[in-house]
Amino acid sequence: MAFCRKAHYVYSGRLPSLERKLTTTPTFFKSQNMQDEKKELERKNAAAEAVKHIKDNDIVGLGTGSTAKYAIEQIAGLVQQGLKIKGVPTSEKSSALATQLGIELIDINDVEAIDVTIDGADEFTSSRELIKGGGGALFREKIVASLSRKEIIIADSGKYVNKLGKFKVPVEVVPLAFNYVQKELAKHGGMGQLREMEHVPFITDNGNYVIDADFGLIADPAELSRTLNQIDGILAHGLFINLATLVIMGDGTSVQVFE
Ligand code: 5RP
């Protein structure tokens, strides 16, 4: 957007002095760029802190999303330097990235446990309750987290909240049960919307739909999680309770650890 605006000013150019003034990026976009740079730095720093927990010969869960991508890239760097690990990906996308970067993968059904997983989140609280699934990988992420001895969540500071729920809770639903689940969610105060991508339903790696359910700010995430677990047709939901061992949050140029 910043680029478009800038280009518009450049090409309008009939008044050279005004044009010169306007070719500099307007303050709003400058501060937007600075916000984006800060966010990316916080994500990279959180990833760098998290990969310190990986040891030689570990089985490592590989998260999904733009923050987890930094961790996968940094793990690949360590592998190139001689670290021996095997990765368990949480999505087809992370699997493809890891393979491309030279990380050896192992089938999730061939491991007893995962030593450490590094994944992202859409929201987290100081007591390490999470909303995940913005990228649609919530089911595999939850299975990988449940198998992990150490589940490390990495995030920029914008993901920190006092109460979960501004981000809608992703719910992976078997397509056949879509109408039923949507009604059940409504009974529990969740206004659900089918997730779409380019005007067609978003399909998960498991061939299912995602309903993004708005419960408002959630007073008791553990209670809501138990309720959602009872609804037939839901494969997994994005409330992750008692699963994260640590949350490492980038905070400006440093990191904060919630444990
Ligand atoms: C994918 C996830 C992601 O970890 C979550 O959506 C955060 O993604 P990003 O790091 O791109 O903000 O749960 O299912």
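The numbers here are math on the coordinates, done by the rules we state, and not lab data. What you are looking at is a predicted structure, and each value in this text was computed from that prediction instead of being measured. All Cβ positions, even for glycine, are placed from backbone atoms using ideal geometry, and neighbour counts span all protein chains on display.
Which whole number in µm²/s is D for the chain by Stokes-Einstein, with the Kirkwood Rh taken over Cα pairs at 20 °C and 1.002 mPa s?
Working: Rh = 19.8 Å.
The estimated diffusion coefficient comes to 108 µm²/s.
With labels modelled as points extended 7 Å from the Cα through the Cβ direction, what inter-label distance (nm, one decimal) is found for E40 paired with Q100?
That separation, rounded to one decimal, is 1.7 nm.
With a length cut of 18 Å (Cα positions projected on each helix's long axis) and a Kyte-Doolittle mean of at least -0.5, go through the chain and give me the DSSP H helices that pass.
Once both thresholds are applied, what remains is 66-80.
Taking the Cα centre of region 128-259 as origin, work out the dipole magnitude from +1 charges on Lys and Arg Cβ and -1 charges on Asp and Glu Cβ, in debye rounded to 20.
Dipole size: approximately 180 debye.
Hey, with R₀ at 22 Å, roughly what FRET efficiency would E223 and V257 work out to, going by the Cβ-Cβ distance, to 0.05?
0.20
List the relative contact order of the chain as a percent without decimals, with contacts defined as Cα pairs under 8 Å and 6+ residues apart. Before the final figure, lay out the partial values.
Numbers: 528 pairs, mean separation 53.6, N = 259.
Normalised by residue count, the contact order of the chain is 21 percent.
Local charge sum around L41 (other residues, Cβ-Cβ under 11 Å, Lys/Arg +1, Asp/Glu -1)? It would help to have the intermediate numbers written out before the result.
Numbers: positive: K38, K39, R43, K44; negative: D36, E37, E40, E42, D156, D251.
Around L41, the surrounding residues sum to -2.
Cα-Cα over 19 Å: which of K132/K183; K69/K168; K86/K150; K93/K150; K132/K163?
Distance filter (> 19 Å) returns K132/K183; K69/K168; K93/K150.
Which one, V144, G158, L62, projects farthest toward the positive side of the charge dipole computed for the chain from Cβ point charges (K/R +1, D/E -1)?
G158
Taking a label point 7 Å from the Cα of I143 along the Cα→Cβ vector, which residues of region 219-256 have an amide N closer than 15 Å to it?
235-237
Work out the length of the dipole vector of region 205-259 about its Cα centre, built from +1 on the beta-carbon of each Lys and Arg and -1 on the beta-carbon of each Asp and Glu, and round it to the nearest 20 debye. Don't jump to the answer; show the numbers that get you there.
Numbers: 1 positive and 8 negative charges, 17 e Å.
Its charge dipole is roughly 80 debye.
Find which of P170, A222, H188 sits farthest along the positive direction of the dipole of region 169-233, computed with +1 on the beta-carbon of Lys and Arg, -1 on that of Asp and Glu, about the Cα centre.
Sorting the options by dipole projection puts first H188.
Fewest Cβ neighbours within 10 Å first, please rank K142, K132, K159 accordingly.
Ordered from fewest to most neighbouring Cβ atoms within 10 Å, K142, K132, K159 come out as K142, K159, K132.
Among F240, F167, which comes first, second and so on when ranked by fewest other beta-carbon atoms within 10 Å?
By the 10 Å Cβ count, ascending, the order reads F167, F240.
Taking the Cα centre of the chain as origin, work out the dipole magnitude from +1 charges on Lys and Arg Cβ and -1 charges on Asp and Glu Cβ, in debye rounded to 20.
1080
Considering Cα pairs under 8 angstrom that are at least six residues apart, work out the relative contact order of region 169-233 and quote it in whole percent.
Relative contact order here is 44 percent.
Looking at I203, G135, V255, which one has the Cα that reaches farthest to the positive end of the dipole of region 122-259 (charges on Cβ: Lys, Arg +1; Asp, Glu -1)?
Going by the charge dipole, the pick is V255.
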